[in-house]
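Below is one structure, written out as C-alpha cells, with a few remarks after it.
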Amino acid sequence: EESSGYESESAERSAAAGGTRGRQRRARTAFTSEQICRLEKTFQRQKYLGATERRKLAAALQLSEIQIKTWFQNRRMKLKRQI
C-alpha cells in the first residue's frame with residue numbers, strides 16, 4: 001500500500017480502523033438557561049470582553065475562560081450572519 005507521506009492520512013486510517021491515536025473531539029458544552037441569559041445580557045452591553053471581564057464572568061458562571069471566549073466568538077459570528 002502506497003502513502004502520500006502525509007501524517008494525517010495514516011491517522012485517518014488508524015482512526016477508521018478503531019485506533020485511538022487521533023485527537024478526540026471535546027464534548028459540546030450544554031449551557032444552562034441561566035448561563036445563556038447572563039451571556040446574552042453581557043453581549044448586549046459589550047461585544048468583546050477583555051481578560052479581566054472574561055475571568056470574572058467565567059468564575060460567576062462556573063465555566064472556563066475558553067468556553068466564554070468561544071461563546072463570544074460564536075455569538076459575534078451569529079450576529080454577523082443576521083446582519
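FYI, it's all coordinate maths here, none of it is from the lab. In this text, all values refer to a predicted model and were calculated from it rather than measured experimentally. Here Cβ is always computed from backbone atoms with ideal geometry, including for glycine, and neighbour counts include all displayed protein chains.
So what's the net charge close to LYS56: Lys and Arg +1, Asp and Glu -1, counting the other residues with Cβ under 13 Å from its Cβ? Local charge sum for LYS56: +1.
Dividing the convex hull volume of the alpha-carbon atoms in the stretch 33-82 by its residue count gives 70 Å³ per residue.
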